[in-house]
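For reference, the structure discussed in these notes is given below.
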Amino acid sequence: MLRFMFGETEREPAGGLEETYKLIEQFAFAASTRIKEGAANGDKLRKLEVWARGLRASLVELEQSQYAASMFKDRILSGSVDAMKAEERLDYDRYVYFDKNAFIRVFSLLDKLGTLLNDMLGMRTEKIKPHFSYFTVLRNMRDRNAHPELTWKLNEIKERAKDPTNRLRKRRNTEIHYMNSEMHDDLIQSQRMYGEEIKLENIGLQADDLAACLHMAIESLRLTFRYANALMRSKSL
């Protein structure tokens, strides 16, 4: 979708990403088929189908934004914004745009996944916390030892990405609630060394964190829809 900006042709997804797309599409198709066959729980299946298709679209947007951010990041060579010439500054602004777009989408996608899991598995997390996140749903699943063959695999993926997720969450919260996230380090530096050149934020670490969280999102979706398809085949949904 965005690779044209770098003179590239669009690529077919491969590996875990390809499998994830196929599993989501398989689930949505199975739900649609069951509805057409007159399933008694047609309303729930229709809702799950729509949510599944929405998650697929969200994954496309996240993966493309992360790719664009990484490409623009590689064009940035200067150590500070003040040292950049016009073209590099434009690439930096593009990096900031797609990086910000991507890290906000990470948590948006995960929360949509939490909504699907909560409804599909009947977890009723809203009884614990009305406005819940994916992580709240997963904690509820873990505390209740519900669907352990899925829960503990999802929890393992979450724990492996704990540090980058926490850093990304801090940046997301700063962006949404306080100030532009890319200016946060500038503020800290300017308070320490007023009048001196302010160094660029660690965009290498930011890119690594974003890649790790994209991987977490892909793996979480892959495991969820593999499990959901098994429930669909056994008519447990």
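The values are calculated or read from the model by the stated rules, or taken from the named source; none is laboratory data. These numbers come from a predicted model, not from an experiment. FYI the Cβ positions are ideal-geometry reconstructions off the backbone, even for glycines, and counts take in every protein chain you see.
With respect to Leu62, determine if the residue is modelled with pLDDT of 95 or more, crowded, with 20+ Cβ neighbours inside 10 Å, under 18 Å from Arg226 (Cβ atoms) and in contact with a Ser or Thr (Cβ under 9 Å, 6 or more places away or on another chain).
Numbers: modelled with pLDDT of 95 or more: yes; crowded, with 20+ Cβ neighbours inside 10 Å: yes; under 18 Å from Arg226 (Cβ atoms): no; in contact with a Ser or Thr (Cβ under 9 Å, 6 or more places away or on another chain): yes.
So Leu62 does not fit the description; no.
Filter the range 70-91 for residues that are at pLDDT below 95 and among the hydroxyl-bearing types (Ser, Thr, Tyr); which is nearest to His177 (Cα to Cα)?
Ser80
Collect the residues in the range 52-93 that are charged (D, E, K, R) and over 13 Å from the mean Cα position of the chain (by Cα), keeping them in residue-number order.
Those that are charged (D, E, K, R) and over 13 Å from the mean Cα position of the chain (by Cα): Arg53, Lys73, Asp74, Arg75, Asp82, Lys85, Glu87, Glu88, Arg89, Asp91, Asp93.
Residues are listed down the side, and each one gets a yes or a no for (1) closer than 30 Å to Ala30 by Cα; (2) at pLDDT 95 or above:
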{"site": "Pro164", "(1), (2)": "no, yes"}
{"site": "Asn180", "(1), (2)": "no, no"}
{"site": "Tyr194", "(1), (2)": "no, no"}
{"site": "Glu197", "(1), (2)": "no, no"}
{"site": "Asp209", "(1), (2)": "no, yes"}
{"site": "Leu214", "(1), (2)": "yes, yes"}
{"site": "Leu237", "(1), (2)": "yes, no"}
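Under 7 Å between Cβ atoms, which residue pairs at least 6 apart in sequence (or on different chains) link something in the range 1-25 that is over 30 Å from Asn229 (Cβ atoms) with a partner that is surrounded by 11 or more Cβ atoms within 10 Å (Cβ to Cβ) and small (Gly, Ala, Ser)?
Partner pairs satisfying both residue conditions: Met5/Ala68.
If I filter the range 59-66 for residues that are part of a helix (DSSP H, G or I), farther than 23 Å from Leu17 by Cα and either in contact with a Cys (Cβ under 7 Å, 6 or more places away or on another chain) or touching a residue at least 40 places away in the same chain (Cβ under 8 Å) (or both), do I get at least one hit?
No: the range 59-66 contains no residue that is part of a helix (DSSP H, G or I), farther than 23 Å from Leu17 by Cα and either in contact with a Cys (Cβ under 7 Å, 6 or more places away or on another chain) or touching a residue at least 40 places away in the same chain (Cβ under 8 Å) (or both).
How many of the residues making up the range 15-32 are more than 19 Å from Lys112 (Cβ to Cβ) and either touching a Gly at 6+ places or on another chain (Cβ under 8 Å) or crowded, with 17+ Cβ neighbours inside 10 Å (or both)?
The qualifying residues number 1.
Considering only residues that are among the aliphatic types (A, V, I, L, M) and over 18 Å from Ala102 (Cα atoms), look in the range 142-171 and name the one that is surrounded by the fewest Cβ atoms within 10 Å (Cβ to Cβ).
As a first pass, look at the range 142-171 and keep what is among the aliphatic types (A, V, I, L, M): 146, 150, 154, 157, 161, 168.
Pick out the ones that are also over 18 Å from Ala102 (Cα atoms) and you get 146, 150, 154, 157.
Values: Ala146: 14, Leu150: 20, Leu154: 23, Ile157: 18.
Among those that are among the aliphatic types (A, V, I, L, M) and over 18 Å from Ala102 (Cα atoms), it is Ala146.
Search the range 67-83 for residues that are under 30 Å from Pro13 (Cβ atoms) and in contact (Cβ under 8 Å) with a residue 40 or more places away in the chain and pair each with any residue that is assigned to a loop (DSSP other than H, G, I, E, B) and aliphatic (A, V, I, L, M) when their beta-carbon atoms are under 7 Å apart and the residues are at least 6 apart or on different chains.
Sorted first by the residue in the range 67-83, then by its partner, the pairs are Tyr67/Leu2; Ala68/Leu2.
Pairs only if they're at least six apart or on different chains, beta carbon under 7 angstrom, first in the range 138-150 and more than 8 Å from Leu121 (Cβ to Cβ), second part of a helix (DSSP H, G or I) and of a type in the set (A, V, I, L, M, F, W, C); list them, first residue then second.
Every condition considered, the pairs that remain are Leu138/Leu154; Leu150/Leu223.
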